[in-house]
Amino acid sequence: MARLVLSECCGLTPLRLRGRGAIALPAPPSLAAGPRRPVSAAAAGGAIHREWALRVSAPTRLTSVVEEDNRGEEVVEEEARGSLAAAEAAAGEVGGDGDGFDPGAPPPFGLAEIRAAIPKHCWVKDPWRSMSYVLRDVVVVLGLAAAAARVDSWLVWPLYWAAQGTMFWALFVLGHDCGHGSFSSNAKLNSVVGHILHSSILVPYHGWRISHRTHHQNHGHVEKDESWQPLSERLYNSLDYMTKKLRFTMPFPMLAFPLYLFARSPGKKGSHFNPSSDLFQPNEKKDVITSTASWLAMVGILAGLTFVMGPLKMLKLYAVPYVIFVMWLDFVTYLHHHGHEDKLPWYRGKEWSYLRGGLTTLDRDYGWINNVHHDIGTHVIHHLFPQIPHYHLVEATEAAKPVLGKYYKEPEKSAPLPFHLLGVLAKSLNSDHYVSDTGDVVYYQTDLKTSSSAQSSD
C-alpha cells in the first residue's frame with residue numbers, strides 16, 4: 001500500500017485553428033485524447049530543430065510538413081471550421097490559458113535556441129565556489145547542532161528542528177549538483193563530495209543519482225518518468241480508500257521519499273539499495289554497492305551516537321530534522337511538477353520529447369529560502385540543462401525567458417517564507433488525481449467524489 005502513495009493524474013489538448021494559412025488536421029486515433037494545434041507550412045518548417053543536451057538522453061523529433069493542393073486544403077479547412085467551436089470550448093477547461101495559447105502544443109523553438117540565449121559563463125563550473133557552499137552549509141549544520149545541544153530547551157528545539165531540517169535539505173541540493181556533474185568537472189570530486197553529503201542524511205548517492213538521471217531523461221512522460229509521475233485512471237480506480245487517503249491527504253505525501261528509496265513508485269520494481277534492481281545497468285552495480293555501503297556506515301554511526309548520547313538526544317538532534325528534510329524534499333519536488341493554475345500536459349508515445357517534457361516543469365519562489373537551498377526553485381532551466389551550476393541558474397533563466405515565451409510560467413512572488421505554496425500544494429492534492437488511460441497528450445483530472453469528501457472534511 002505504501003508504494004502506491006508515491007505517484008500521480010489529465011485530460012485533452014484542444015484543437016486550435018490559427019490564421020487563414022493554418023491547416024487543422026484530424027488527429028489520428030492514437031491521439032484522440034490530445035489533438036494537436038494546426039500547423040502552417042512556415043511554422044512547421046521552423047519547428048524542425050536540433051535538440052541539445054549534455055549527458056542527458058534527449059531524442060529529437062521532426063515535425064512533418066503537410067502540403068495540400070488547393071482543393072484538398074479547402075476540404076480540410078471546412079472540416080476544421082465545423083469543429084472549431086467545440087475545440088475552443090475545450091481549451092478553456094483543459095490546458096488553455098484563455099488567450100489561445102496551448103501549453104501542450106510543440107514549441108516553435110528548440111533546445112539549441114534556448115542554449116544560445118544563455119551566456120557562456122553560465123556553463124562554467126567552479127569547484128572552489130562549489131566547495132565554498134559546502135563549507136558554509138556544514139558549518140551552519142554543526143553550529144546549529146552545537147547550540148541546540150548546549151541550550152537544550154524545549155523553547156529552542158522547535159526552532160532548531162525547522163532550521164536544521166532546512167539545512168539538511170540544502171546539503172541534499174549540493175549532493176544533487178554532484179550527481180548532475182554541475183558541482184565540478186571532476187567526476188571523482190563529485191562522487192566523494194556527493195557520498196559525504198548524501199550519506200550524512202541517509203540518501204544512497206549513486207542509487208539516487210541514477211534514478212534521478214532517469215527522471216530527467218523522461219521528465220513529463222506518463223509511464224517513463226521516475227518521480228511524481230501521474231496515476232493512470234485505471235490504476236487510480238483500483239486503489240482502496242485508505243491508499244487514496246495516504247496518497248492525497250496531508251501530510252502523508254510529504255513523507256514519501258524514504259519509501260520511494262526502498263520501493264520506488266507504483267508499477268515499478270526494485271530498490272535504490274539493490275544493485276540488481278531494474279533501475280540499474282550491470283555496469284552500475286559497483287557504484288550502487290559503494291553507496292549502499294556508505295549508507296550503512298552512516299546508520300552505524302548514528303547507532304553509535306544513540307548509544308553514547310541516548311535515544312532522546314539523538315531524536316531531537318537528528319531524527320526530527322531528518323523528517324523535516326524529507327518533507328522539504330517531497331514538497332519542493334512535487335510542486336516543481338504540479339499545481340499550476342493552468343493545467344500542464346503530460347505526454348506519451350510520439351508526442352513526448354525531451355524539450356516538451358522539460359517545459360512542463362515549474363519554477364517556484366521560496367523567498368528567503370531561495371539562497372538557503374541554492375536556488376533549486378529555478379527548475380525549468382535546470383531540467384533542460386542540468387549541467388548548469390546552481391549559482392548561474394537565475395541568470396540563465398532570465399536570459400532564456402524571451403525564447404521560452406508563454407511556455408515559461410512566471411512563479412508567484414513569495415513573502416520571506418513560502419507559506420503561500422502550502423495552499424498551492426493542498427489545492428493540487430485535492431484536484432490532480434489521475435490522467436486518462438488513453439491519449440498521447442493528457443492532463444490531470446479530478447475524482448469529484450474524493451475532492452468533495454476532502455472539502456467537506458475541511
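The values are calculated or read from the model by the stated rules, or taken from the named source; none is laboratory data. What you see is a predicted model; the values in this text were computed from it and never measured. Note that we place each Cβ from the backbone using ideal geometry, even for glycine, and neighbour counts take in every protein chain shown. When the accessible area is computed, the model is the full protein with side chains, heavy atoms only, and any ligands, DNA or RNA have been set aside. Shrake-Rupley method; radii C 1.70, N 1.55, O 1.52, S 1.80 Å.
Under the condition of being open to solvent by 10 Å² or more (accessible area, probe 1.4 Å) and more than 15 Å from residue 333 (Cα to Cα), the residues counted in the stretch 223-244 number 13.
Please give the helices (runs of 4 or more DSSP H) falling wholly within the stretch 334-388 in which 1 or more residues are closer than 25 Å to residue 112 by Cβ and out of contact with any helix residue (DSSP H, G or I) (no Cβ under 7 Å at 6 or more places or on another chain).
Fully inside the stretch 334-388 and qualifying: 354-358, 379-384.
Would you say residue 320 is out of contact with any helix residue (DSSP H, G or I) (no Cβ under 6 Å at 6 or more places or on another chain) and over 30 Å from residue 100 (Cβ atoms)? Considered against the rule, which asks whether it is out of contact with any helix residue (DSSP H, G or I) (no Cβ under 6 Å at 6 or more places or on another chain) and over 30 Å from residue 100 (Cβ atoms), residue 320 comes out as no. Only one entry of 409, 401 meets the criterion of being in a helix (DSSP H, G or I) and farther than 24 Å from residue 233 by Cβ, and that entry is 401.
For the stretch 120-157, name all the residues that are over 30 Å from residue 397 (Cα atoms) and among the basic types (Lys, Arg). Within the stretch 120-157, 150 is the sole residue that qualifies.
Summed over the stretch 270-307, residues that are open to solvent by 40 Å² or more (accessible area, probe 1.4 Å) and under 15 Å from residue 210 (Cα atoms) total 11.
Listed by first and then second residue, the pairs linking a residue in the stretch 247-266 that is closer than 22 Å to residue 447 by Cβ to a residue that is small (Gly, Ala, Ser) and open to solvent by 20 Å² or more (accessible area, probe 1.4 Å), with Cβ atoms under 8 Å apart and 6 or more places separating them unless they lie on different chains, are 248/454; 249/454; 250/426; 265/227.
Take the stretch 373-387 and flag every residue that is out of contact with any Ser or Thr (no Cβ under 6 Å at 6 or more places or on another chain) and over 18 Å from residue 226 (Cβ atoms).
Residues satisfying the conditions are 373, 374, 375, 377, 385.
Every test in (1) outside any helix (DSSP H, G or I); (2) surrounded by 15 or more Cβ atoms within 10 Å (Cβ to Cβ) is passed by residue 318 save one, and that test is (1).
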